[in-house]
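Since the structure comes first, as C-alpha cells, the remarks are kept for the end.
The values are calculated or read from the model by the stated rules, or taken from the named source; none is laboratory data. Just so it is clear, the model here is predicted, and its values are computed rather than measured. Cβ sites come from the backbone with ideal geometry, for glycine too, and all protein chains shown count toward neighbours. In case anyone asks, the SASA skips ligands and DNA or RNA and just uses the protein heavy atoms, side chains included. Shrake-Rupley method; radii C 1.70, N 1.55, O 1.52, S 1.80 Å.
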Amino acid sequence: MPTLLVKNAHLLTMDDHHTELSNGGLFIENGFISKVGATRELPSTADEILDLAGHVVLPGLVNTHHHFYQTLTRAVPAAQDTNLFNWLKTLYPIWARIQPEDIFISTSTALAELALSGCTTAADHLYLYPNGSKLDDEIAAASEIGLRIHASRGSMSLGESKGGLPPDSVVNDEDSILKDSQRLIEKYHDPKLGSMVQIVLAPCSPFSVTSDLMKQSAKLAREYGVHLHTHLAETEDEEQFCLQKFGHRPVGYMQEVDWVGDNVWFAHAVWVNDEEIKVFAKHNCGVAHCPTSNMRLASGIAPIKEYRKAGVNVGLGVDGSASNDGSHLLAEVRNAMLLSRVKEGITGYSLSDDPNRKLMTAREALHLGTRGGAAVLGRKDIGSLEAGKCADFFAMNLNRIEFAGMHDPVSAIVFGQPIRVDYTVVNGRFIVKEGQLVTVDEHKLVEKHKKAAKRLLT
Ligand SMILES: [Zn+2]
C-alpha cells in the first residue's frame, strides 16, 4: 500500500470547523487521507515525503460545469463580442464538424488546464455528438490524465424546424439519446466511495430540448440513481423563450417537467426571483455558478449570497472554454468573490452603515470551489481534507513575485493574480508536480490541439 506524507505546509482543511494549520500536513494511504494534523503529530516516514514548507495546501477544487470540447473554439472572432444566443448560433455550425478524436484531445487539454489550476474533480457537459463522437472518448481521456470526472450525457433534440435554437444538423432523435444514456450509466457509473467516473444525464437547455425528453431523462436518472444537470435561467432571452413556449418562467418549467430534487443541479441560474430561490432550497437543487462566462456573455450576475442565505448548495464552474476562454478554476474562485462584490455595490453596499455587513471573503469563495462543488455533485468523499476522504489536494508555493508582501497565505491565492499551481494530487497520485503536468506531455498535447482547432475553422 503506497503511502505519501505531506508536511510543513500552511493547510486549510475546509472541515466543518474551518480548521487551518500553519505547520500541518497529511498522511495518505492507498488514495485516501488517513491522518490530517500538525506535522509533529504525523508519522515521520512514508514511501514518498513531500516537504511543502512555504506552500499553502487546500482541498482539490471541484468544477461543476464545463464543455471540454469548446477548448477547440476559443476566441473565435465572430463569437467574441456577442450575447449567448448569437454566440451559440455562430458556433453551432463549427461544432457540427467535430470528430471523435477531437473529443479526446479537447478533454485532455481542458483537464490539463484544470489540473494546473488546482482542480481535481470536474463535471463536463457534452451535448452534441457529431460524426460518431461519443462520451466514451471523453471518459478515456479523463482516465489517462487521472482526474475524477462526472461526465454528463448531454443532448439536444429541439432543432430550428421545431422552434428550437440549434440547427437541425446538431440535434438527435430522442430514442437514441435515451438508449445511449442507459448504455453509459450501465457501463461506467460508479457511485462508490472514491469513485473516479460518474455519469450524469443532461439535456442541454430549455431552448434545445423537448419537454418529453426532459421528463424521460428525469425518469431514467431516478431509476439508476444518477444526477441530472442542465443550463437554466442563464439569460433574459431564455426567460422570454420559456414564457412564450411553455407558459412558465424557467424554474416553473423545471417543476412542470419533474426536474426538482437533490439529484438536480443547474448551470448559471442567474435570472431567478426570491420565490424561485426558495424552490431550489426546498427541493435541494444545486447551482453551478460560472462568473467568468456570465461576464463574458453579458448574461447577468447570479444571486450567490441570496442562494447561500437560503441554504442552496452552490459550486463553481469555468463553463465551456468558448465563453471563458480558459479553464482556470482558481481564477473562477477569484471572479466569484469579485463579482459578488460588484453586485453588492450595485445593490447599495456603499450606502450601508452596518459595520457587520461583510463582502464575500476569499475563504467563502474557496468554500464554493471545494465543499460547495462537492455538495452540488452529491459527493461526501471530496471537498475537504479530512481522515477518510479522498487524497485530492493542490499546493501553491508562496515564495514567488506574485505573492510577495501578502499577509494571509490563504487569501493570497484568491486576491492575487491566478497562476499555475505547483502540485495537484488526485487519489494520492501526482497530476502536477513542481509546476509540470506528469500524466500527459504538455508540448505534444498543445501541438495536437492546435492542429485540431485549426481544422475545425477551415
Ligand atoms: Zn454551459
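General remarks:
For (1) open to solvent by 30 Å² or more (accessible area, probe 1.4 Å); (2) out of contact with any His (no Cβ under 7 Å at 6 or more places or on another chain); (3) within 12 Å of the ligand (Cβ to nearest atom), each residue gets a yes or a no:
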| site | (1), (2), (3) |
| --- | --- |
| G252 | no, yes, no |
| E256 | yes, no, no |
| W259 | no, yes, no |
| H268 | no, no, yes |
| I277 | no, yes, no |
| F280 | no, yes, no |
| G286 | no, yes, no |
| P291 | no, yes, no |
| N294 | no, no, yes |
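- Scanning the range 60-81 for residues that are without any contact (Cβ under 8 Å) to a residue 40 or more places away in the chain, touching a Ser or Thr at 6+ places or on another chain (Cβ under 7 Å) and outside any helix (DSSP H, G or I) returns no hits.
- Helices (runs of 4 or more DSSP H) within the range 192-264 that include 2 or more residues aliphatic (A, V, I, L, M) and in contact with a strand residue (DSSP E or B) (Cβ under 6 Å, 6 or more places away or on another chain): 211-224
- In the range 381-415, the residue that is surrounded by the fewest Cβ atoms within 10 Å (Cβ to Cβ) out of those that are in contact (Cβ under 8 Å) with a residue 60 or more places away in the chain and over 25 Å from I49 (Cα atoms) is F415.
- Considering the range 160-187, and only residues there that are under 30 Å from Q240 (Cβ atoms) and acidic (D, E), the residue that is most open to solvent (accessible area, probe 1.4 Å) turns out to be E160.
- Test: residue in the range 171-190 that is among the polar types (S, T, N, Q) and within 30 Å of G388 (Cα to Cα): no
- Among residues of the range 317-330, those that are open to solvent by less than 20 Å² (accessible area, probe 1.4 Å) and away from the ligand (no atom under 13 Å from the Cβ), counted: 3
- Checked against the criterion of being in contact (Cβ under 8 Å) with a residue 40 or more places away in the chain, out of contact with any Gly (no Cβ under 7 Å at 6 or more places or on another chain), of a type in the set (G, A, S) and crowded, with 20+ Cβ neighbours inside 10 Å, the range 96-103 has no qualifying residue.
- Residues in the range 225-250 that are open to solvent by 70 Å² or more (accessible area, probe 1.4 Å) and either hydrophobic (A, V, I, L, M, F, W, C) or in contact (Cβ under 8 Å) with a residue 40 or more places away in the chain (or both): E236, L243, K245.
- Qualifying residue in the range 117-125 (condition: closer than 25 Å to F430 by Cα, modelled with pLDDT of 95 or more, open to solvent by less than 30 Å² (accessible area, probe 1.4 Å) and assigned to a helix (DSSP H, G or I)): no
- Subset of the range 54-75 (residues that are more than 16 Å from the ligand (Cβ to nearest atom) and open to solvent by 10 Å² or more (accessible area, probe 1.4 Å)): G54, H55, A75
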